[in-house]
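Single-structure report; data block below.
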Amino acid sequence: MSDQKRVGGTIADKVVSFYPNASGWNTAEDRANNIIGKRLAAERKRCGLTLEAMCERLRGHGVEIQIQGLNKWEKGLTVPNAYQFLAACRVLGIKDCMVGIESSCLDDVGLRKLDEYKMDLIASGRYRPAPSRYKETYIEMPVSTLAVSAGTGEFLDEGGFEMIRFPKSAVPSRADFGVRVNGDSMEPVYHDGQIVWVEKTDTLRPEEVGVFICNGEGYLKVYDLQEPDNGDVEDYTDSYGVLHLQAALISYNEKYEPKSIHQSDTFSIVGRVLSGSVQ
């Protein structure tokens, strides 16, 4: 493994395999054994980065994450999504997380020689890819200064936004603004610290993910319509005796109960969630 070099806040010029002795690959076993979390923790410590410093480096790559969120990754309580994972690899100088899988017929010595040969090829300058003609453009998008909760609910200040630059290709064309996720109730799809893009609308279809304000608190949930709770049946029965459906906010994480919206609640739909971005 080659020596580390710090370049622009990134520990670069080394190749690290997540699977240095891989003879097979089983996703379920890797998840159960917390392969990603353990390796991220080991590489972070080997690079001499504290949790706080790692979070700061990740923010430099557009990943808004707190220490507790990073700690959850390393302990295997949650897993980073694809973009968060790639950003972490970038920070730690992990250039090819699949090299161990693709070279499973080699032992440790063989893998080291493969890495050395790769670095020699890079150093020769003879095999550089042709310069790309594509140039990424960036745009500024408003992102709420307060997180929208994917847990128990936090206030979403509709007027408090900051402008942040993003690659244009990372922002859906219909996005009006972004909000940060706080909590784990929408995992494994949406993660703590992730930015999601929102299209302003005051109507949603059942099973669409949206951002809502209920009694002054912001929520990121799945919108649904269900039969009213026993205590709300009268409120949802009209003068003709017809029972209407009651709005409810559903979590992807099954440990969270659905949140029913009552007639007495102050409730509004802020917008439709389009996608997540942590680039």
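Here are a few things to note about the model shown:
- In the calculated pair-distance distribution of the stretch 138-277, the portion above 26 angstrom amounts to 25 percent of the Cα-Cα pairs.
- Within straight-line reach of Lys72, meaning a Cα separation under 19 Å, sit the following aspartates and glutamates at least 8 residues removed in sequence or on another chain: Glu29, Asp30, Glu43, Glu52, Glu56, Glu64, Asp184, Glu187, Asp192, Glu254.
- Cross-linked pairs Lys38/Lys200; Lys38/Lys118; Lys118/Lys168: Cα-Cα separations exceed 31 Å for Lys38/Lys200; Lys118/Lys168.
Where a number appears in this text, it was derived from the coordinates with a stated rule and is not lab data. Keep in mind it's a predicted model, so treat the numbers as computed, not measured.
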